[in-house]
Amino acid sequence: MKVLLLNGSPRGEGSGTLRLARAFLDGLQSVCDAEIGTIHLIEKKILPCRGCFGCWTKTPGRCVQRDDMDALLPLYRQAELVVWCLPLYYFGMPAHAKAFLDRLLPSNLPRMDPRPEGGVGHPPRWPELQRQRHLLVSTCGFCARQNNYEALEKQFELAFGGAEGRLTEILCPEGELFRVPQLRGRTGAYLGLLQKAGQEFGRGGIAADTRAALEELLFPPDVFIKMADASWEIAGEPEAESEALRFTRQMAALYDPESWPGKDLVLEMAYTDKGEAFQLRLGREEAAVCADKADFAPYTARVETPLQLWRQIGAGEADPMQALAEHRYRIFGDLSFMSRWDDFFSGGAAAPAAGEKRASSADVQGESRKSPSFALLLLPWIVFSCAQSAGALAGAAVTLAACLLLLPAALRWQLTPFDAAEGVLLGAFSAAVLLLGAGWEPWLRALATLGYALLWLGTGLFARVPLTAWYSSREFGGRRAWANPLFLRTNRILTLVWGIYFLLSAALPLWAARAGAAPLAMALAGQLAPLPLTAFTLWFQRWYPACAARGRDK
């Protein structure tokens, strides 16, 4: 397939509309052999049509003017698919693109033929143009197709449409958003949808659900209008806003009220390189920006950052957690608020597919059941530690029963690989004691405890995600927190502390057997020992990240 891509944007290679057209053609090329030629019309010398009709009378099929159309018209004639890449200018197309369209007059015959749908038109001069297909890809700076695109659509319908269905249109309002790096998550999803449309086009036609998804707005109109209005910097305005304030207003425009947690939150942004600070008050319906420090409220979270760094983070050019670990910015207050950043500032963006619901925190975990429970993990161990007070055989039987209870627990909670490993380890210990007899109990207990300790130490030292991170990620955005080096470092320390405790505990049964310690004393020690460690865990997983975020762990 020979494809001619006509870029009608005055921005040439810098065109946002061109990105959309190329995404579509990437999809097309992935399913068929497409030879694509690109012409940036702004770079060509195309004189306006004189209306002399010399191309119909004096030099049929050839314009009387000599310019770049001499070379472009043959390329147009050879193309099986012509892709018109046009931003909307004053409810039409840019002037140089219109000049190219006008200069296609030699490709038509002067006689008039009735149109099947009514009216008359000029038939194509060359037979191959009767089979030629056209794709219009256009963006605009408005947030609606209605009362904006009608003139352009009608012109293309009259020139290239008709009953044969030779014309396909992809019209994307809010197109200026493709030039904003901070929004690449949403715009990238739309570009992926365009690739899918290109694949379907190459196989015969764009599916109805894909068309419907392409017609969805990137952001709701009210959000887009706020972002657009906050982006203008007009020279000479007596009360021009600072760059930092405009950026903060754009952040506020992206606030999604659906993320409101039931109480108002205050995010304070302090731009250290600008010496400016603003508050965003996140409420039930909107995010209000406060620029007067005298009116500042106590903050939920405060971010101290250079403006340029936060722009880079928003654009995906810098990793926020890596930058935090490198102390390039600081956070005070509620860190769990920051873990939900993407939820708060999604702008209520539509999902890539029509009607698709945005993922909830439960969806991030991939389950509708409750998140993994640290208490559920410790329960078999506590039973294992305490059950010996009932005697070796009875204790083994109780421990085995506790391990088997993990099976019905899986219906209510998400179990991790460590829950399963613990159940197998302690279940094997209990079965071995029941089979070999009570005399083996102290040695088997020590062996089971040693294995449990190695499980914790091994994940703390070698696993990408340490054991405790599986259980504490719920408050920090689910498994998305696993990409957070500060979160992983915190849990690696906790996992190693618990591993050391279990390693020391491995010697307790042997010592007790040699010293003749009472089973009841051992049971009491086993029951109470995890309690202070649990309290330490709950405290440390909040204290350490907060200190690191404030830059106090240097």
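Considering the stretch 63-93 alone, what residues qualify as being of a type in the set (Lys, Arg) and surrounded by 14 or more Cβ atoms within 10 Å (Cβ to Cβ)?
In the first step, residues of the stretch 63-93 are kept if they are of a type in the set (Lys, Arg); the result is 66, 77.
Result: 77, single match.
Could you please find all residues in the stretch 466-478 being closer than 19 Å to residue 325 by Cα and either surrounded by fewer than 19 Cβ atoms within 10 Å (Cβ to Cβ) or of a type outside the set (A, V, I, L, M) (or both)? It would help to see each step written out before you state the result.
Of all residues in the stretch 466-478, those closer than 19 Å to residue 325 by Cα come to 466, 469, 473, 476-477.
Passing the criteria: 466, 473, 476, 477.
Within the stretch 334-346, if we keep just the residues that are in a loop (DSSP other than H, G, I, E, B) and more than 12 Å from the chain's Cα centre (by Cα), the residue that is modelled with the lowest pLDDT turns out to be 340. A single entry from 300, 272 fulfils the requirement of being in contact (Cβ under 8 Å) with a residue 24 or more places away in the chain and closer than 17 Å to residue 334 by Cα: 300. Just one of the listed residues (50, 22) is closer than 25 Å to residue 201 by Cα, without any contact (Cβ under 8 Å) to a residue 24 or more places away in the chain and assigned by TED's automatic domain parsing to the domain that holds residue 196, namely 22. Within the stretch 289-304, the residues that satisfy the criterion of being over 18 Å from residue 342 (Cα atoms) and assigned to a strand (DSSP E or B) are 289, 290, 304.
Screening the stretch 361-438 for helices (runs of 4 or more DSSP H) wholly inside it with 3 or more residues that are over 18 Å from residue 456 (Cβ atoms) and modelled with pLDDT of 80 or more returns the ranges 392-404, 406-409, 417-436. Among the residues of the stretch 275-291, the ones that are charged (D, E, K, R) and modelled with pLDDT of 90 or more come to 2 in all. One residue stands out among those in the stretch 270-328 that are farther than 24 Å from residue 257 by Cβ and of a type in the set (Val, Ile, Thr): the one that is surrounded by the fewest Cβ atoms within 10 Å (Cβ to Cβ), which is 272.
With respect to (1) of a type outside the set (Lys, Arg); (2) more than 23 Å from residue 125 (Cα to Cα); (3) at pLDDT below 90; (4) in contact with a Pro (Cβ under 8 Å, 6 or more places away or on another chain), the lone exception for residue 56 is condition (2).
Restricting the stretch 102-123 to residues that are within 30 Å of residue 23 (Cβ to Cβ) and surrounded by fewer than 18 Cβ atoms within 10 Å (Cβ to Cβ), which is farthest from the chain's Cα centre (by Cα)?
Step one: of the stretch 102-123, the residues within 30 Å of residue 23 (Cβ to Cβ) are 102-104, 107.
After this cut, where a residue has to be surrounded by fewer than 18 Cβ atoms within 10 Å (Cβ to Cβ) as well, the list is 102, 107.
On the way: 102: 43, 107: 47 Å.
The qualifying residue farthest from the chain's Cα centre (by Cα) is 107.
Applying the selection to the stretch 33-42, what residues are in contact with a helix residue (DSSP H, G or I) (Cβ under 8 Å, 6 or more places away or on another chain) and modelled with pLDDT of 90 or more?
36, 37, 39, 40, 41, 42
The values are calculated or read from the model by the stated rules, or taken from the named source; none is laboratory data. Keep in mind it's a predicted model, so treat the numbers as computed, not measured. Cβ sites come from the backbone with ideal geometry, for glycine too, and all protein chains shown count toward neighbours.
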